[in-house]
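One structure is given here, and the rest of the page talks about it.
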Amino acid sequence: MSDMNSLKSYLKKLGASKIGFADVEGLASEFIDLPNAISIVLKIPKETIQLVKDENYEEYWKNFHGQIDILTDIALKGEKYIKSLGYDAFGLTMTRNECDMKKLLSILPYKTIATKSGLGWIGRSALFVTPEYGSAVALGAILTDMPLDFGTPITDSQCDECRNCQDACPVDAINPQKWNDRLNREDIIDIETCSEYIIDQYKAGLGCTKCMSECKLTQEYLKRD
């Protein structure tokens, strides 16, 4: 088995739902300049999504942060595994790849790595969407100089004319424009309005994420056995 395939198998044994590989040369130079990336997709359990629909946000956030802990564990163990093969690696975690909550943006967005890996696309809501789980996913990544066979980047939305996320948004922050990688994020979502609402809700012990739970593909995932 090649190093790449053994790594993929190892990450899936740790709990990853999907793994992809991307060329990110130059994108991470702000804090570490490694040219390749491994995208890690972790599906959010169905019972956790149901908590959003039930508006039980206290339990939802406990469950969601548990998923982030799993991603952190996968990224750091993956980093160690790659280094044991003789390559350099850097697992991206919430502390290492800090998110600006006002902009809802990390130093190196996980969604950028995931779309470049060909694992999914950006929905109308600006959330990452996969065919299998809709937007009910959490993302992680590892940077490395290990040789990888890159996936085919997805550069255009694969959403149909569904407006579920747009109609569900309580502050009308989602624009009708479908995503493609030539657009700015502001072309598809009013991120200032979205972030202000999310921060206010979070401070109140509440939440939102209705765009995630109402995504048509998320709904299909929830209905599958």
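Residue count for region 193-210 satisfying the condition of being assigned to a helix (DSSP H, G or I) and either modelled with pLDDT of 95 or more or under 13 Å from Gln50 (Cα atoms) (or both): 1.
Quick grid of which residues meet (1) closer than 25 Å to Asp181 by Cα; (2) among the charged types (D, E, K, R); (3) modelled with pLDDT of 90 or more:
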{"residue": "Ile49", "(1), (2), (3)": "no, no, yes"}
{"residue": "Gly86", "(1), (2), (3)": "no, no, yes"}
{"residue": "Met94", "(1), (2), (3)": "yes, no, no"}
{"residue": "Glu98", "(1), (2), (3)": "yes, yes, no"}
{"residue": "Tyr110", "(1), (2), (3)": "yes, no, yes"}
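Going by the structure shown, is Phe64 under 30 Å from Ala204 (Cα atoms), surrounded by fewer than 22 Cβ atoms within 10 Å (Cβ to Cβ) and of a type in the set (A, V, I, L, M, F, W, C)? So Phe64 passes the test. Residues that are of a type in the set (A, V, I, L, M, F, W, C) and either in contact with a His (Cβ under 6 Å, 6 or more places away or on another chain) or free of Cβ contacts under 8 Å to residues at least 40 places away in the same chain (or both) were ranked within region 171-225; the one that is surrounded by the most Cβ atoms within 10 Å (Cβ to Cβ) is Ala173. The single condition among (1) over 20 Å from Pro109 (Cβ atoms); (2) among the polar types (S, T, N, Q); (3) surrounded by fewer than 18 Cβ atoms within 10 Å (Cβ to Cβ) that Asn164 does not satisfy is (3).
Conditions tested, residue by residue: (1) farther than 20 Å from Lys13 by Cα; (2) among the hydrophobic types (A, V, I, L, M, F, W, C).
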{"position": "Glu79", "(1), (2)": "no, no"}
{"position": "Thr112", "(1), (2)": "yes, no"}
{"position": "Gly123", "(1), (2)": "yes, no"}
{"position": "Ala138", "(1), (2)": "no, yes"}
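Taken together, Leu71, Leu51, Leu92 contain a single residue that is in contact (Cβ under 8 Å) with a residue 60 or more places away in the chain and either of a type in the set (A, V, I, L, M) or out of contact with any helix residue (DSSP H, G or I) (no Cβ under 7 Å at 6 or more places or on another chain) (or both), which is Leu71. Cβ-Cβ contacts under 9 Å between residues 6 or more apart (or on different chains), taken from a first residue in region 157-170 that is on the phi < 0 side of the Ramachandran plot to a second residue that is in a loop (DSSP other than H, G, I, E, B) and surrounded by fewer than 20 Cβ atoms within 10 Å (Cβ to Cβ), are listed as Ser157/Lys178; Gln158/Pro131; Cys159/Lys178; Arg163/Pro176; Gln166/Asp172; Gln166/Asn175; Gln166/Pro176. Since Ile32 meets every condition but one in (1) assigned to a loop (DSSP other than H, G, I, E, B); (2) under 19 Å from the mean Cα position of the chain (by Cα); (3) of a type in the set (A, V, I, L, M, F, W, C); (4) more than 30 Å from Arg224 (Cα to Cα), which condition does it not meet? For Ile32, the exception is condition (2). Only one of the listed residues (Lys111, Lys77) is closer than 26 Å to Cys159 by Cα, assigned to a helix (DSSP H, G or I) and in contact (Cβ under 8 Å) with a residue 12 or more places away in the chain. That residue is Lys111.
The values are calculated or read from the model by the stated rules, or taken from the named source; none is laboratory data. Keep in mind it's a predicted model, so treat the numbers as computed, not measured. Positions of Cβ are generated from backbone atoms using ideal geometry, with glycine treated the same way; all protein chains shown enter the neighbour counts.
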